[in-house]
Amino acid sequence: MSAAAAAPVYGLCKPTVKVAALNSMIPRRPSYHGLNPKEPKMPSLKHNNSNNRVSDVLRLLDSMHFPIPTDMYASLLKECTDSKDIVGGADLHAHINNNLSTSGITRRLRLANRLLLMYASCGHLDSARQLFEKMTSRDSVSWLIMITSHVDQNFPEEALRLFNQMIMETSVQHQDLKLSVPSVLKACVNTGHFGLGKQVHGLVLKLGHTEGDLIMCSSLIDFYGKFRCLDGSQRVFDQVIPSRGDTVTWTSMMAAYCKQGHFDMVIELFKKMGRAGVKKNSFTISTVLRACGRLSRGAEDCESNDDRGMCGKQVHANAIKLGVVESDIYVQCSLVDMYGKCGLIKESRMAFNWITGSSERNDVCWSAMLNTYMQHGSYKEAIKLLYLMNSVGIELPESVLNSLRVACAGI
């Protein structure tokens, strides 16, 4: 039986897909500068330290008439990529064209991919695109760089168009999809193309989606979760269960349930995750703490605050054992918010004070503490916190200040 025939049929997508169907759903290629007003501006052509070093190395080797090996070009390109040095990278590009015209296609392809990554990392997608279109040979890495960089720089429509072009022009293998599908699904979320994302899922199944591909499954779970399609997330997750999955897979499933308000399911999954022996990370803890806070907030008929905060306290203890409380600011902020939602103001303030130094407290932490005071009528403490926030330069939205003014009017 073929891989396509053996693939499971999901209720939300078909295991087979026609390329023409994908092509009809891809948006037309947009103008780069018309879509994103926040497109990074072209850097001024000033020679920084990195560029001076690159130029010095090239001049030295040229003066000695030494042929420059491809490995050295690759190392210099990596330096330009890391330092976002577009000028040095462009100089290297010109030097490569002048000196490696007779090199083998494999060596040139590796360098071309390095150049693509350099231009994309520097925010020069137009230059990357020009180079990409001139490349006589492309591999999965070439397509991955182009697709991912367009998604990361807020050009999801162009990323989808590139994905369709890859399918049309190449003999797509499972490995190629494995590399590009996470970015493609993210582009579908950013453009609101739920149907296109299901078509991509169908294409994955057709080419032989395997149960052990946890990266692919995590991306699909997150995709369906972002579109509030829990049935799709759950079906993908159930496919992973036989292999126990990994941290990202379980956490993605919990985040999908949390997004739709199924907080009891988040906690149940957290317990199952522990029983399955899957390692938890800081994002896992933050997600389940949010669920604990929302559940306790609705449990107004509990006999005591201790009962209402018990779930969160247990997760807090688990987080301490994992060692993520002292090192992760998001877990710390989640603790402030969770205890506040549970009505445990003292514990919320203690968690807030654990965040050493006001400079390490981000806006989320301050807002969580302030909302805790306001929700439980501790307006004097809220005002004191406002003065403290003002002293460290934290500004609140006018809507929050207006709410506090109205609440304090009767004091």
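A few points about this structure:
- Residue list for the stretch 136-155, restricted to those being in a loop (DSSP other than H, G, I, E, B) and open to solvent by less than 10 Å² (accessible area, probe 1.4 Å): Phe155
- Just so you know, in the stretch 84-114 the residues that are surrounded by fewer than 19 Cβ atoms within 10 Å (Cβ to Cβ) and polar (S, T, N, Q) include one that is modelled with the lowest pLDDT, and it is Thr102.
- Qualifying residue in the stretch 171-180 (condition: over 22 Å from Tyr257 (Cα atoms), modelled with pLDDT of 95 or more and open to solvent by less than 20 Å² (accessible area, probe 1.4 Å)): no
- Flag for Gly123 being open to solvent by less than 70 Å² (accessible area, probe 1.4 Å) and part of a loop (DSSP other than H, G, I, E, B): yes
- Some residue of the stretch 127-135 being in contact (Cβ under 8 Å) with a residue 40 or more places away in the chain, of a type in the set (A, V, I, L, M, F, W, C) and outside any loop (DSSP other than H, G, I, E, B): no
Here is a yes/no grid of residues against (1) within 19 Å of Asn281 (Cβ to Cβ); (2) at pLDDT 90 or above:
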residue	(1), (2)
Asp301	no, no
Lys321	yes, yes
Asp328	yes, no
Leu344	no, yes
Phe352	no, yes
Arg361	no, no
Tyr373	no, yes
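- A residue that is at pLDDT 90 or above, surrounded by fewer than 20 Cβ atoms within 10 Å (Cβ to Cβ) and over 21 Å from Leu295 (Cβ atoms) can be found somewhere in the stretch 381-392.
- The C-beta contact set for the stretch 261-283 (first residue under 18 Å from Val331 (Cα atoms) and open to solvent by less than 40 Å² (accessible area, probe 1.4 Å), second residue acidic (Asp, Glu) and assigned to a loop (DSSP other than H, G, I, E, B), distance under 7 angstrom, 6+ apart or interchain) comprises Ser282/Asp328.
The values are calculated or read from the model by the stated rules, or taken from the named source; none is laboratory data. All values derive from a computational prediction rather than experimental measurement. Methodologically, a virtual Cβ is constructed for each residue, glycine included, from the backbone with ideal geometry; neighbour enumeration extends over all protein chains shown. Note: areas computed on protein heavy atoms with side chains; ligands, DNA, RNA excluded. Shrake-Rupley method; radii C 1.70, N 1.55, O 1.52, S 1.80 Å.
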